[in-house]
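Notes follow the structure.
The values are calculated or read from the model by the stated rules, or taken from the named source; none is laboratory data. Just so it is clear, the structure is predicted and the values come from calculations on it, not from any experiment. Note that we place each Cβ from the backbone using ideal geometry, even for glycine, and neighbour counts take in every protein chain shown. All accessible areas refer to the heavy atoms of the entire protein, side chains included, with ligands and DNA or RNA removed. Shrake-Rupley method; radii C 1.70, N 1.55, O 1.52, S 1.80 Å.
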Amino acid sequence: MKSLFSQRLREAMDQKNCKQVHLIHLAEERRIKLSKSQMSQYLSGRAIPRKGILAFLAEALEVTPEWLMGNKTEEEKQVVEDTAEEDLQGAEPEKGISEKGKERSDKKERTIEMRKFSKSSKLDNVLYDVRGPVVEEANRMEAQGMNVLKLNIGNPAPFGFRTPDEVVFDMASQLTECEGYSASKGLFSARKAIMQYAQLKGIANVTVEDIYTGNGVSELINLSMSALLNDGDEVLVPSPDYPLWTACVTLAGGTPVHYICDEQSEWYPDLADMESKINDKTKAIVIINPNNPTGALYPKEILEKIAELARRHQLMVFSDEIYDRLVMDGEEHISFAALAPDLFCVTFSGLSKSHMIAGYRIGWMIISGNKRIGQDYIEGINMLSNMRLCSNVPAQSIVQTALGGHQSVKDYIVPGGRVYEQREFIYKALNDIPGITAVKPKAAFYIFPKIDVEKFGIVNDEQFALDLLREKKILLIHGGGFNWKEPDHFRVVYLPRIEVLKDATEKLADFLQYYHQ
């Protein structure tokens with residue numbers, strides 16, 4: 001049924017000369033939730049819509065829902081019945097008609113329609129295209145023996161970044177001591193090291209009891225949203241964002257409301273836009289600093305203004321700071337919670353990026369500020385933390401080692417270091433391509449270039465990413481995957497060595513010489 005629906009949807013869209021983007025915009029006008037990811041799944045035959053969206057698509061394409069789903073109309077059914085009757089009349093009477101009818105009746109009674117299990121409707125508006133449809137196409141190509149350059153995910157290990165030897169040695173030495181559960185919040189030694197790190201960052205009044213370890217920051221984002229939100233609660237999330245934030249707000253029953261980060265102002269948050277979107281349903285603001293996908297680093301003045309806004313409207317602040325040790329050009333990362341000791345804050349960080357151990361899955365969150373007003377929320381966090389028993393204990397065991405002593409990541413982010421030099425190369429190489437412009441990132445290992453949609457006729461950025469993948473075997477994630485509404489951006493991960501980035505940007509430049517959507 002899925003493949004037939006996909007076929008008819010494509011047929012109806014072709015007949016109306018209708019693109020995905022037209023249906024999505026029409027759905028927005030009618031306040032119907034229809035995302036690019038959903039449309040991609042419908043068109044690829046991986047999913048079929050629920051009744052409300054089916055009715056919308058049928059009306060927009062001027063067909064019936066029954067036709068889209070491949071069900072026979074009454075006229076078609078009558079033709080089938082008439083044809084069957086003619087065949088029956090012309091057939092040799094091996095058995096009496098009454099006997100045949102009885103057999104059919106018996107067979108029908110024995111046929112029981114199988115129950116089908118569909119995904120939860122809570123996932124209808126969840127988007128995570130960092131590993132979405134474009135990545136699925138890349139996996140299909142690899143399965144056919146093609147070599148794909150993956151610039152879609154910030155995973156250091158495949159690009160030759162190694163975990164510090166001391167960290168590997170210390171984990172191996174402690175494995176036999178990590179066979180049981182830890183306390184649900186984490187090992188004391190790990191939380192003590194994180195507490196001392198928070199003190200160095202200037203976050204006041206943090207104890208080991210305010211710290212929770214997790215299987216990466218991702219788990220803790222999900223946990224923190226689930227503990228906070230009731231249906232209809234709103235959370236301000238940046239656009240573009242790391243899409244897990246939007247997804248976790250949605251899954252928790254909340255509504256993500258995106259505030260704009262301004263490309264003309266170094267990708268800093270547009271504070272006027274942020275404040276204009278606050279209402280009595282707004283519970284919290286999410287900050288991603290340093291930012292993924294833009295690589296922006298927010299200055300003290302911007303953070304202080306966000307703090308003033310949160311005070312004025314009595315909002316919680318969630319600050320995602322996982323890239324805080326990957327800051328270049330002599331700049332310094334400032335933790336939001338250090339500037340707002342009076343606000344109720346949750347700060348996230350971890351070792352996946354700074355210590356090149358994304359696969360170890362170790363992150364943490366720190367609750368700080370006015371904890372008195374959040375006691376009930378903290379009870380919810382404790383409940384959910386207890387339910388998952390504990391995070392990965394072997395990874396917890398090396399937090400103390402990783403946060404103490406020489407920080408090897410510093411060697412990467414200075415002139416001559418890999419991350420720094422690769423940032424310098426990709427920034428210049430992208431800006432040298434006609435039709436591409438990019439703001440220079442100051443942190444992390446991402447750049448979020450803009451593409452001239454008029455020059456290349458682009459109306460669907462996911463299609464652009466798919467076309468580039470199929471033509472040049474380069475995997476990028478389109479801007480829509482980061483909840484950026486216009487089809488004019490994409491993200492590049494600049495973790496590969498310069499010679500690999502050089503080859504990739506040359507292929508991109510060649511592709512754009514003839515590409516028009």
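A few remarks follow.
- Paired Rg and Dmax values of region 468-511, which use every Cα atom, in angstrom: 11.4, 33
- Rounded to 5, the percent of DSSP beta bridges in the chain classed as antiparallel: 50 percent
- Cα Rg over Rh - region 164-237, Kirkwood: 1.06
- Full extension of the chain between Tyr181 and Asn155 yields a length gain of 6.6 nm, computed as 0.36 nm times the residue separation minus the alpha carbon distance.
- Think of a 1.4 Å ball rolled over the protein heavy atoms: region 220-341 then has 33 Å² of accessible area per residue.
- Sparse-neighbourhood loop sites, GluC sites (Glu not before Pro) in region 172-248 - DSSP loop, at most 16 other Cβ within 10 angstrom: Glu179
- Overall Cα dimensions of region 1-42, principal axis frame, Å, largest first: 27, 20, 13
- Scattering curve values for region 216-359, log₁₀ I(q)/I(0), Debye with Cα scatterers, q = 0.13, 0.15, 0.17, 0.21 Å⁻¹: -0.53, -0.71, -0.93, -1.46
- Inter-label distance, nm, simple model (7 Å from Cα along the C-beta direction), Glu28/Glu209: 4.8 nm
- Its alpha carbons give region 275-328 an Rg and a Dmax of 12.3, 39 Å.
- Computed over region 194-242, the Cα gyration tensor eigenvalues convert (square root of 5λ each) into semi-axes of 25, 14, 12 Å, ordered from largest to smallest.
- Modelled FRET efficiency - R0 25 Å, Lys116 with Trp67, Cβ distances, 0.05 increments: 0.75
- Size descriptors for the chain, from the alpha-carbon set: Rg then Dmax equal 27.0, 93 Å.
- Over region 314-358, the fraction of Cα-Cα pairs per 10 Å bin, rounded to whole percents and listed from the shortest bin up, is 26, 44, 27, 4.
- For the chain: relative contact order, % (alpha-carbon pairs under 8 angstrom, 6 or more apart): 17 percent
- Interatomic Cα distance distribution for region 403-493, bins of 5 angstrom, percent: 3, 13, 20, 22, 17, 11, 7, 5, 2, 1, 0
- For region 125-173, the equivalent ellipsoid derived from the alpha-carbon gyration tensor has semi-axes of 30, 16, 9 Å in decreasing order.
- Ile278 sits among other residues whose Cβ lies under 11 Å from its own Cβ, and their net charge, with Lys and Arg +1 and Asp and Glu -1, is 0.
- For region 291-424: span of alpha carbons on each principal axis (Å, largest first): 49, 39, 26
- Helix-only mean residue ellipticity at 222 nm for the chain, each DSSP H run of n ≥ 4 adding -39500 (n - 2.57), per residue, nearest 500: -13000 deg cm²/dmol
- Short to long, the 5 Å bins of the Cα pair-distance histogram for region 115-239 hold 2, 7, 9, 13, 15, 15, 15, 13, 9, 3, 1, 0 percent of all pairs.
- Put simply, the amide H of Asp262, placed in the peptide plane, has neighbours under 5 Å in Trp267, Tyr268, Asp270, leaving out anything fewer than 5 places away on its chain.
- Loop-located chymotrypsin sites (Phe, Trp or Tyr not before Pro) in region 145-238 (DSSP state other than H, G, I, E, B) with a sparse environment of at most 12 neighbouring Cβ atoms within 10 Å: Tyr181.
- For region 325-404: rounded, prolate or oblate by the Cα gyration tensor [a/c cutoff 1.5]: oblate
- Sequence-distant residues sharing a close amide H with Asp329 (under 5 Å, placed H): none
- The convex hull built on the alpha-carbon positions of region 359-517 has an orientation-averaged projected area of 13.6 nm².
- With q set to 0.14 Å⁻¹, the log10 of I(q)/I(0) for region 379-427, from the Debye formula over equal scatterers at the Cα positions, is -0.64.
- Note on region 275-378: antiparallel DSSP beta bridges, both residues inside, total approximately 40 percent of the bridges counted.
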